[in-house]
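Have a look at the structure below, then the notes.
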Amino acid sequence: KNISYTYPNNVSPALNKISIKINEGEHIGIVGNSGAGKTTLVDTLLGLLPPSAGKIIINNKDITNHPEALWEHVAYLPQEIFIIDGTVRQNIALGVPEIDINDVKINLAIEKAQMEMVVSGLPEGIDTNLGENGVRLSGGQRQRIALARAFYFDRRILILDEATSSLDNNTEAQIIDYLKSLRNKITIISITHRAKSLEHCDRVLNIEHGELKPTKSL
């Protein structure tokens, strides 16, 4: 509600009095030119950047100063995917002790992220070590690891920041079809410049120079 954010040493705000209401289970697209404020908006929503003004409210509760209340419900897929020097299963179940990793959920997450062919082509399948920073993977494969990670943890809110930009058209189409099936089940916020990536969205929000422009329904 009325969110503004100005970066240190900047005069003009990166976000200027933005108000958005997102309902549970709704799929929202955020579009805009480079530097328009898309990623700043999401970083502010997540509490990674404290707003200069305004409030973040979840279920009528002000969490502006306590963003951690939201974190356990969110899976955030940034443009730069973090991959540890470990196996596929360790990277999907990131942070879960090896003994506690649920392989049924791992296999389901791999299926949802359209990774079966990728995993079957690796020397040791899901137990293949991906190397430092995922050196063995292409950009599209790294993005699928990140998607599988989000599906494994069953988060209620999924934020995608150009999360399918490195995928081939067929794989992206399959993932978009799966995202469509999640309407009214989990909340998704997609940041992208590709119209194809917005096919699952109920609404598209356009940001220009830190301000929200009229929305477009799909």
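The values are calculated or read from the model by the stated rules, or taken from the named source; none is laboratory data. These numbers come from a predicted model, not from an experiment. As a convention, Cβ positions derive from the backbone with ideal geometry for all residues, glycine included, and neighbour counts pool all protein chains shown. Just so you know, the surface numbers come from the protein's heavy atoms only, side chains and all, with ligands and any DNA or RNA stripped out. Shrake-Rupley method; radii C 1.70, N 1.55, O 1.52, S 1.80 Å.
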Charge tally in the Cβ shell below 15 Å around Arg142, where Lys, Arg are +1 and Asp, Glu are -1, Arg142 excluded:
-4
List the residues whose amide H sits under 5 Å from the amide H of Ser52, counting only those 5 or more places along or on another chain, with H placed 1.01 Å from N in the peptide plane.
Ser4, Tyr5, Thr6
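Around Ile110, what is the net charge, scoring Lys/Arg as +1 and Asp/Glu as -1 over all other residues with Cβ under 11 Å from its Cβ?
Values: positive: Arg89, Lys105, Lys112, Arg144, Arg149; negative: Asp103, Glu111, Glu116.
After counting each charged neighbour, the total is +2.
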Across the Cα atoms of the stretch 71-121, what radius of gyration and what greatest pairwise Cα-Cα distance (Dmax) are found, in Å?
11.7, 34
Ratio Rg/Rh, restricted to the stretch 109-163 and using Cα atoms, in which Rh is the Kirkwood radius
0.97
Quick query: amide H of Ile30 versus all other amide H atoms, modeled in the peptide plane; which residues come in under 5 Å with a sequence gap of 5 or more or a different chain?
Ser190, Ile191, Thr192, Leu205
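Let me make sure I get this right: for the chain, a, b and c are the square roots of the gyration tensor eigenvalues over alpha carbons, sorted descending. Under 1.5 in a/c it's rounded, otherwise prolate if a/b > b/c, else oblate. Which is it? List each step's numbers first, then the result.
Values: a/c = 1.87, a/b = 1.70, b/c = 1.11.
Prolate, because a/c is 1.5 or more and a/b exceeds b/c.
Could you order Arg142, Arg183 by accessible surface area, starting with the largest, using a probe radius of 1.4 Å? Provide the component values of the computation, followed by the final result.
Values: Arg142 35, Arg183 80 Å².
Correct descending sequence by accessible area is Arg183, Arg142.
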Taking the Cα-to-Cβ direction at His209 and at Ser165 and moving 7 Å from each Cα, how far apart do the two end points lie in nm?
2.4 nm
Which net charge results for the neighbourhood of Arg183, defined as the other residues with beta-carbon distances under 10 angstrom from its beta-carbon, given Lys and Arg at +1 and Asp and Glu at -1?
0
Of the beta bridges DSSP finds with both residues in the chain, what % are antiparallel, to the nearest 5?
40 percent
Could you run the Karplus curve 6.51 cos²θ - 1.76 cosθ + 1.60 with θ = phi - 60° over the stretch 107-115 and give me ³J(HN,Hα) per residue in whole Hz, x for Gly and Pro?
5, 5, 5, 4, 5, 5, 8, 6, 10
